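Quick notes on the structure that follows.
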Amino acid sequence: MKGALSDEERRDWLRLSRSENVGPSTFKTLLKRFRTAGEALRALPDLTRKGGLSRPPRIYGTEAAERDLANAAAIGARFIAMGEPDYPPLLREADTAPPLICAKGDLTLLGKSGVAIVGARNASAIARKFTRQMAREIGGEGHVIVSGLARGIDTAAHEASLDTGTIAVVAGGIDVIYPPENAALHAAIAERGVIVSEQVPGTEPKADFFPRRNRIISGIARALIVVEAAVRSGSLITARFASEQGRDVFAVPGSPLDPRCEGTNRLIRDGATILLSARDVIDQLTDQPRSRQMSFFEPDPPPLLPRETDPAEAKRLLELLSPTPIDTDDLMRESGLDASTLSALLLELSLAGCITRHPNGAVSRA
C-alpha cells in the first residue's frame, strides 16, 4: 500500500481490523495475500471454514465502520492507517502495531523523536517532582513525551510536556475521559498535543485494553523510562513490550523498602539502564541514529497466491502445537511443511480461533 487510503479503503481497513480473530499479524498476512482489505473481507468466510470454524465469522459491518469514521470526524479526529505518512514511524515497525489508530490533535508530533515515561498511579510526591523535571528537560531537547494519561506518573509527565510536545495513548476511545479527574488535562492535550487510541470513539476502557495500549506507548517512543512501579504493574508490561520492540529501557532506582520501587529495582537488576537524570537518556538518544521511516508493504510485494489446503495437514499441525509459543521456522522444520503451505494453514487456523499469534512470529495453540 502506498500513500493515503480512499474513503472506501479506510472503511474496509477498519472493518477487517475489527473482525473476529483478525489481529495485527493476521491483518498483515491477509493484505499480503489478497492485496486489499475488501478482497480479504470477501475471503473470510471460506478461510474460517477451512480453519475449522463451524459457523460464519463475525465480520464488522459496513454501517458500523461508517458510523465510527463519522464519529471520529465529528470530534475532530481521524483514523490513520499503517501505511500513511502520519502513522508513527517506529510504531509501524512493531510486530503488533495496530493497522489503524484514531488520533486527535497535532499529528506532526507523531513523527518526532519520542521518549515514553510511565510509572505508578499512586506515585510518591518526590517521584512526581522528578518526573516533571525529566519531562521538561527531555522535551526541551526536542523529544516528545509519550505516556498513558493515567493518574500519578503519567499525569505528571503530560503536564510538564504540554509546551514542548506530548502524546497521550489511551485505552478507550479518544473521546472517553479516563480517569475523570484528568478531564482538563485531556482537553489540553487534544488541543496542544495529540491523543491516540486503537479503539473507536465512544469505547469505554476495559481491563484487557490497557496492555494493548501499553505496547503502543512503547512502540511510538525510542526509549522508555519507568519511574516507580510495583512488581505486578502495567508499567512493567510496558517495559516488556519495549524490550521486545528493541527500545532502550531506563529505570529510576528507589528505596528497597518502598513497594512502588520494587519493580524498577528489579528492572535494573535484570539489565535495564539505571537513570539518575534526564541527561542519561538524552545522551543515549543523541548517540543513536533514528530508525529509518518505513512504508507499509512498500514497494508492494506480489500477492501470495491462494492455495487449497488439506484438512489432514491442519489437523497434524494442530497436534504439533501446544500452549507454549514456538517460532514458525522451528514449526516448519518439525512439520515438514513448506513455507507457503504453513503460512496458508496458520492463516486459516488463526481466523478460526484455533491458534494464537505472538510477537516475532511465534504461534501457540489457543
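The values are calculated or read from the model by the stated rules, or taken from the named source; none is laboratory data. The shown structure was predicted, so the numbers you read here are calculated from the model rather than taken from an experiment. Here Cβ is always computed from backbone atoms with ideal geometry, including for glycine, and neighbour counts include all displayed protein chains. These area figures cover heavy atoms from the full protein model, side chains too; ligands, DNA and RNA do not enter into them. Shrake-Rupley method; radii C 1.70, N 1.55, O 1.52, S 1.80 Å.
Rolling a 1.4 Å probe across the protein heavy atoms gives the chain an accessible surface of 45 Å² per residue. For segment 116-249, rounded, prolate or oblate, judged on the Cα gyration tensor with a ≥ b ≥ c (square roots of eigenvalues), a/c < 1.5 rounded, else prolate if a/b > b/c? The shape class here is rounded.
Placing 226, 176, 231 in order of accessible area, with the largest value first and a 1.4 Å probe, yields 231, 176, 226.
Peptides 333-340, 249-256 ranked from most to least packed by the mean count of surrounding Cβ atoms within 10 Å: 249-256, 333-340. Stretched out straight at 0.36 nm per residue, the stretch from residue 133 to residue 334 would grow longer than its current Cα-Cα span by 67.0 nm.
Gyration tensor over the Cα atoms of segment 239-291: the corresponding equivalent ellipsoid has semi-axes (square roots of 5 times the eigenvalues, largest first) of 22, 14, 7 Å. Here the chain carries DSSP beta bridges of which approximately 40% are antiparallel, counting only pairs with both residues inside.
Using Stokes-Einstein with the Kirkwood hydrodynamic radius over Cα pairs, what translational diffusion coefficient do you get for segment 175-218 at 4 °C and a viscosity of 1.567 mPa s, in µm²/s rounded to a whole number? Translational D for this selection: 114 µm²/s.
Gyration tensor over the Cα atoms of segment 24-88: the corresponding equivalent ellipsoid has semi-axes (square roots of 5 times the eigenvalues, largest first) of 26, 17, 9 Å. Here each label is just a point 7 Å from Cα along the line to Cβ, and for residue 108 and residue 46 those points are 4.8 nm apart. Under 27 Å Cα-Cα from residue 104, which lysines qualify once same-chain neighbours fewer than 8 residues away are excluded? Those lysines meeting the cut-off are 2, 28, 112, 206. Extending 7 Å from the Cα toward the beta-carbon at both residue 206 and residue 75 defines two label points whose distance is 1.8 nm. Estimated from helices alone, the mean residue ellipticity of the chain at 222 nm is -13500 deg cm²/dmol (sum of -39500 (n - 2.57) over DSSP H runs with n ≥ 4, per residue).
Between residue 316 and residue 287, the contour length at 0.36 nm per residue exceeds the alpha carbon distance by 5.5 nm. Taken along the Cα-to-beta-carbon direction at a fixed 7 Å, the label points for residue 63 and residue 366 span 2.7 nm. With kT/(6 pi eta Rh) evaluated at 4 °C and eta = 1.567 mPa s, and Rh the Kirkwood radius from Cα pairs, the chain diffuses with a coefficient of 60 µm²/s according to Stokes-Einstein. Computed with a 1.4 Å probe over protein heavy atoms only, the accessible area of residue 351 comes to about 0 Å². Between helix 125-140 and the chain there is an angle of about 70 degrees, using the helix long axis and the longest principal axis of the Cα atoms. Extension gain, residue 277 to residue 4, is 94.2 nm, computed as 0.36 nm per intervening residue step minus the present C-alpha separation. Two numbers describe the Cα atoms of segment 1-117: Rg and Dmax, which are 15.1, 47 Å.
When the chain is described by a simple charge dipole with +1 on each Lys and Arg Cβ and -1 on each Asp and Glu Cβ, the residue from 227, 22, 169 located farthest towards its positive end is 227.
Restricting segment 141-239 to trypsin sites (Lys or Arg not before Pro) that sit in a DSSP loop and have at most 16 other Cβ atoms within 10 Å of their own Cβ leaves 151, 206, 232.
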